[in-house]
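The values are calculated or read from the model by the stated rules, or taken from the named source; none is laboratory data. The structure displayed is predicted, hence computed values, not measured ones. Here the Cβ is made from the backbone with ideal geometry for all residues, glycine too, and neighbour counts use every protein chain on show.
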Amino acid sequence: MPELPEVETVRRGLEQFIVGLTVVDAAHDTPKSFPNAESDVNEFLINSTIISVKRRAKVLMIELSTKYSLVIHLKMTGQLVYVNNVERFGAGHPNESLIGQLPDKSTRVTLTFADQSSLFFNDQRKFGWVRLLPTAEIVNLDFFKKVGPEPLNAEFTWQELHSRLQRRKNTSIKAAILDQTVLAGIGNIYADESLWGARIHPATLVKNVSATKIKLLFTAIQAVLTQSIAEGGSSDRNYVDAAGNRGQYLKFANVFRREGQPCNRCGTVIIKTRVATRGTHTCPKCQPEPKKLPV
DNA sequence: CACTTGACCTGTCCGC
DNA sequence: TGCGGACAGGTCAAGT
């Protein structure tokens with residue numbers, strides 16, 4: 001669920017809300033959600049000031065004045081919701097209605113700021129995490145060493161996508177673009193949407209996808225991610241942004257969660273199957289199944 | 001090394 | 001109505 005557009009939307013909200021604030025308290029429930037020594041929390045988080053909020057792939061980094069950062073992965077059901085106080089923003093602020101709604105039973109970590117506003121990390125399924133790490137060490141995490149390029153970076157080209165995909169030439173194109181070491185930020189929603197855009201069946205083996213098709217896929221990935229960021233991401237289940245608002249992208253989705261509905265290009269009924277162990281949405285006419293090789 | 005599968009969790013939905 | 005099981009999907013560890 002939170003994929004690149006959702007995480008980027010959260011980042012933009014947090015940048016607006018928390019940069020410049022000073023942390024005065026940090027509370028958490030399970031060590032799994034926030035596996036940090038109390039001594040580090042006391043020394044490097046409490047009384048620190050938020051310097052910036054960054055994103056790489058699906059990971060958020062809240063940079064602190066102590067040369068430490070909070071590194072956060074939302075995984076499937078994570079939320080980062082900022083709840084202001086009326087003193088700071090005045091009555092009628094968009095997320096004013098959240099006051100008193102949080103924490104709830106999914107709240108794993110609560111940061112309280114000097115102005116008594118709060119940031120809640122909620123995560124129903126406890127797959128996500130928050131880690132307090134020295135900012136300089138983030139690049140040394142295994143994930144950051146292996147993760148592929150940002151698909152919306154200006155330097156990223158279709159030729160580079162083509163080249164990186166060749167490492168996964170015997171797997172399906174869907175599994176390959178979900179592989180974060182090939183390309184950063186794609187998850188199930190945008191994999192299906194991008195493959196529909198390029199008219200490629202998700203089960204097609206990478207080695208059978210032509211360079212022309214990969215060029216179309218590159219264009220589709222950028223278009224889909226850009227539009228989703230503009231719509232505040234996709235709220236399939238419980239994704240919300242930093243102000244607690246749902247994203248609107250699924251109103252514009254062409255295949256994801258549209259099984260049984262007509263294809264926006266050709267009218268054929270969208271079907272849901274399983275590819276790369278994931279629920280997969282396709283138009284059977286625009287994205288014909290790959291031919292089976294003779295036995 | 002390439003590739004696939006299972007584990008991690010909990011809330012929701014579907015069938016009996 | 002209650003209950004068991006399937007399902008949701010990001011990432012990593014372990015398996016082939």
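Of note:
- A single member of A:PHE127, A:PHE113 is closer than 28 Å to A:GLY244 by Cβ, exposed (fewer than 15 other Cβ atoms within 10 Å of the Cβ) and not acidic (Asp, Glu), and it is A:PHE127.
- Restricting attention to segment A:248-285, the residues that are over 19 Å from A:PRO5 (Cα atoms), away from DNA strand C (no atom under 13 Å from the Cβ) and assigned to a loop (DSSP other than H, G, I, E, B) add up to 12.
- On the stretch given as segment A:93-142, residues that are β-branched (Val, Ile, Thr) and in contact with a Lys or Arg (Cβ under 8 Å, 6 or more places away or on another chain) total 3.
- Residue pairs meeting the criteria (Cβ under 6 Å; at least 6 apart or on separate chains; first touching a residue at least 24 places away in the same chain (Cβ under 8 Å) and farther than 16 Å from A:ASP236 by Cβ, in segment A:258-287; second aliphatic (A, V, I, L, M) and within 16 Å of DNA strand B (Cβ to nearest atom)): A:VAL275/A:ALA203; A:ALA276/A:ALA175
- Residue list for segment A:62-83, restricted to those being away from DNA strand B (no atom under 16 Å from the Cβ), touching a Pro at 6+ places or on another chain (Cβ under 7 Å) and part of a strand (DSSP E or B): A:TYR68
- A:ARG237 satisfies every condition listed in (1) loosely packed, with under 15 Cβ neighbours inside 10 Å; (2) without any contact (Cβ under 8 Å) to a residue 60 or more places away in the chain; (3) within 13 Å of DNA strand C (Cβ to nearest atom) except (2).
- Consider segment A:246-269 and keep the residues that are among the charged types (D, E, K, R) and surrounded by 13 or more Cβ atoms within 10 Å (Cβ to Cβ). The one that is modelled with the highest pLDDT is A:ARG265.
- Residue in segment A:64-86 that is under 26 Å from A:GLU150 (Cβ atoms), free of Cβ contacts under 8 Å to residues at least 60 places away in the same chain, within 15 Å of DNA strand C (Cβ to nearest atom) and basic (Lys, Arg) present: no
- Across segment A:203-234, the number of residues qualifying as within 12 Å of DNA strand C (Cβ to nearest atom) and either outside any loop (DSSP other than H, G, I, E, B) or among the charged types (D, E, K, R) (or both) comes to 1.
- Qualifying residue in segment A:159-168 (condition: in contact with an Asp or Glu (Cβ under 8 Å, 6 or more places away or on another chain) and within 15 Å of DNA strand B (Cβ to nearest atom)): yes
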